[in-house]
Amino acid sequence: MRLFAKLFICATLVICIALLVSGYLLITFSHERALSREAERAINQYQYDKFTAQAGLIANVDTFSEEFSERVLQQLSADASGLLAFFTENKTLLYSELPAQTDFIILSDVPDNSYVHQFQEVDGGSYIMVCSKLTQGNVKLYFLVATDISDVVAQKEQMAQSFVKVYFITLLLSVAVILILSAFITRPIKRVIRAAADIARGQYNERLPTKGGDEISELSKSFNIMTDAVEDKIVELEESARQKEDFVANFAHELKTPLTSVIGYADMLYQKSLPLEQVKDAASYILSEGLRLESLSLKLLDLIVLNRQDFVLEDMRSDELFENIAGSLKPLLEERKASLIPKIDPASVMVEYDLFKTLMLNLIDNATKAGGHNIKIVGSQNGSRYSVSVNDDGRGIPETELSKITEAFYMVDKSRSRKQHGAGLGLSLAAKIAKVHGSTLEFSSIEGIGTIVKLDLALGGIEDNE
Amino acid sequence: MNKQKAFTAMGIILSFVIAIGGWVLTSTLIDMRSDALLSASGITLMNAPDARLPESSISSTAVDDPNVEAPMLPDYAQNTDGPTLSENEIISIIKNLESPTIERLHEPSAGQITMEQAIESGQAWCSVFSESGIIPAELFNWEDMRINAYLSQRLPLDQSEQFLNPIYSYWTVTYSSVYMDTNLDINAVTGKVLKANIALHSYPQTALYPNAIKNVLVRFIDDLGLDSYDGIKTTNDIIDLSAYTLIADGEAWAVVNTTGRVATEGTYVVSNIHVYLSMQEPQLYRSYSIEGIDEIED
């Protein structure tokens, strides 16, 4: 059942019950009070009537004491306020102004020194009868006065009829008001339903107004908080998915260079009969690149997916580091007819070996792809840091592109990059690796001349023995 | 959805059934309650003041045993027997009658006179008017009069449920005939008249002289056991012939006030006689002097 219908039914029931209970209490209380007042008035008036009757008996004591004189009683009744009846001490009717079929049940118990009153219907009318013993000299009678209270009963009937009209009119008006109020109360809830539907369709910017301090306002606030949380979670999930995609893309990208070395050296072993020493060198490079690849996959996972930045940097000799890098690139350089010209000042530097090697390989790979044939790697101490730069004599990068080249998947010349199996991820990854080392990549380039890429490393603690 | 609509429709129908059924039930309950009330009965005791002894000035004839006969009325002429009220009690009674009160009827309690005694006392007291020549004796034909009486007390508004001392009760006795209506307030313990109003209708030749008025006043205060404090004064006016005096050491007034007209030289035809006690000085006309009407000296 809809909330609107539930509200309507509950409110209608409450109003019905309240009206009926209050109507019942009002009418019965009013009627009871009216009857009580009539009883009190009747008793007060009875006292007057009793004194009057007694005075009449005193005045007619001579005639009355002989026999119960109807004439005397008739005279006495003339001054009374209601309908009179007189009974002997034995409760025999002497005189009565009431209808003949009246049942005087009031006489069943009339204690001395007391007034007994009884409500009774007589001949279609409602009366209150008051009775007591009347003694004057030797005369002992029961004296009864009946007062008509039909007006009081009629008044109660009128009240009941008026109540019915008021009840149904009030009920009808209440129904109309309840309908309007139910619609008014459920309108904010419908707004929440619509908002939830919009969010389900992907409109995460939907928010509800939160004016007021009632439960609906609190629901709206909670809904907005929930929506914010959902939106954040979706962004987070999207970011996470994007990162996973980045990882897969970067990993696939990074596979190429080591694989090129591995394939190159393996091909060399396969094609040529090499001396044992060269065979061992080649096998060593194959082994180290394979191991690096294994290590690199885990580090790329940390770097890209987990956004981990707290890699442990190790002390390494700069000359040994770059010699190793140059050795790994030998097949690639030979393929692209490029040469590496290292000019490395020996020093101790803090690097994460696998990641830094990946960075350098990416920079050098880019340099060769840009058409560079002479690639200088310069390493020198610069104050408290160790500067490294990669200079190529390739085609250069337009100045307008320099700010974008570290964005993931960005390629200056897409068609050429694709031909060269590029994905636009290398410099993006290199920038992240530079950040791990507490540095950033600085690019300067002149089209047609070449590009210089700089970064700096922290100095280590190994002293130069030379 | 159809099920939901069916439930909603059922709920709304049920609401209306309850609304109408509830009204029918309430109507039935109201009628049942009314029938119960209209066949109810009750017993109310005949309340009366406690039969306490009034102040010590009341003589030994006062009793508090309801089975003992009511005290004997005093002989009016002698005015010596029977219970009397002290001046303080009379002052209290006057204040009670003049303050905002509500009248409550009651049956006589022990120590209070009966209706018959009150009627007889009143009849005896009225003889002062015929003795003084104010109203002819033949007008006081009691057998042709309609007599009515009731016993009551005037209770303070905030104390209307509890009766006062029996001395505050009084019989209001009315004697009505073609010629006049006499209304007396008679103290229920002593049987003495505290107030009298006589309205004369069809007997215009009733003459009235200042001395007669004085006699009425003297008999009135003697009967109550009171003395004039500073002498009896009279006023005379075209419509007002009155006598009054201070009583109870100057604390209250006893007044006989008449209204009427001057009929012939030396005579004053009365239409109303008012005899009463009051804490307030009477507001009587004093502006005219009637030739031939003697000034009353103390």
Just report the Cα centroid separation between the stretch B:9-26 and the stretch A:234-293, whole Å.
84
Neighbourhood charge, 13 Å Cβ-Cβ cut-off, centred on A:Thr440 and excluding it, Lys, Arg +1 and Asp, Glu -1:
+2
Please say if the stretch A:3-161 is rounded, prolate or oblate, where rounded means a/c under 1.5 for a ≥ b ≥ c the square roots of the C-alpha gyration tensor eigenvalues, and otherwise the choice is prolate for a/b larger than b/c and oblate otherwise?
prolate
The residues A:Cys10, A:Cys16, sorted from fewest to most surrounding Cβ atoms within 10 Å, come out as A:Cys10, A:Cys16
With a ≥ b ≥ c the root eigenvalues of the C-alpha gyration tensor of the protein assembly as shown, is it rounded (a/c under 1.5), prolate (a/b larger than b/c) or oblate?
prolate
If neighbour count is taken as other Cβ atoms inside 10 Å, put A:Ser384, B:Ser176 in order from fewest to most.
A:Ser384, B:Ser176
Shape metrics for the stretch B:125-213, restricted to C-alpha atoms - Rg then Dmax, Å
15.7, 47
In chain A, what percentage of the DSSP-assigned beta bridges are antiparallel, given to the nearest 5?
90
Can you give me the angle between helix A:215-271 and the longest principal axis of chain A, using Cα atoms only, in degrees from 0 to 90, rounded to the nearest 10?
20
Proxy reagent accessibility, fewest Cβ within 10 Å first, across A:Tyr142, B:Tyr229
B:Tyr229, A:Tyr142
Shielding by partners, peptide B:31-39 (average Cβ within 10 angstrom, other chains)
6
Long-range tail of P(r) for the stretch A:204-277 (Cα pairs > 19 Å, %)
66
Return one number: the angle in degrees, 0 to 90 and rounded to the nearest 10, between the long axis of the Cα atoms of helix A:353-369 and the longest principal axis of the Cα atoms of chain A.
70
Mean Cβ count within 10 Å, highest first, over the residues of peptides B:243-255, B:31-43:
B:243-255, B:31-43
What average count of beta carbons from other chains do you get within 10 Å of the Cβ of residues in A:31-40?
2
Per-pair calculated FRET efficiency, R0 = 22 Å: A:Ile105 and A:Arg41 via Cβ, rounded to 0.05:
0.50
Peptide A:170-182 - average C-beta neighbours from other chains (10 Å radius)
1
What is the local net charge at A:Glu238, summed over the other residues whose Cβ is closer than 13 Å to its Cβ (Lys, Arg +1; Asp, Glu -1)?
-3
Along each of the three principal axes of the Cα atoms of the stretch A:324-399, give the extent in whole Å, ordering the values from largest to smallest.
34, 30, 20
Strictly over 25 Å apart at the Cα level, which of B:Lys95/B:Lys192; A:Lys343/A:Lys454; A:Lys244/A:Lys369; A:Lys165/B:Lys3; A:Lys133/B:Lys195 would you flag in this model?
A:Lys244/A:Lys369; A:Lys165/B:Lys3; A:Lys133/B:Lys195
Tilt, helix A:150-200 to longest principal axis of chain A (alpha-carbon atoms), in degrees rounded to tens, equals 0
Which distance in nm do the two modelled labels at A:Asp151 and A:Ile341 give, with both placed 7 Å along the Cα-to-Cβ direction?
13.3
Quick check: net charge around A:Ile449, other residues with Cβ under 11 Å of its Cβ, Lys/Arg +1 and Asp/Glu -1?
-2
Where does each of B:192-200, A:269-277, A:23-31 land if you order them by average Cβ count within 10 Å, highest first?
B:192-200, A:23-31, A:269-277
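Laboratory data are not the source of any read-out in this text; all were calculated from the coordinates shown. Remember, it's a predicted structure, so these values are computed and weren't measured experimentally. Positions of Cβ are backbone-derived with ideal geometry, glycine not excepted, and every protein chain shown enters the neighbour counts.
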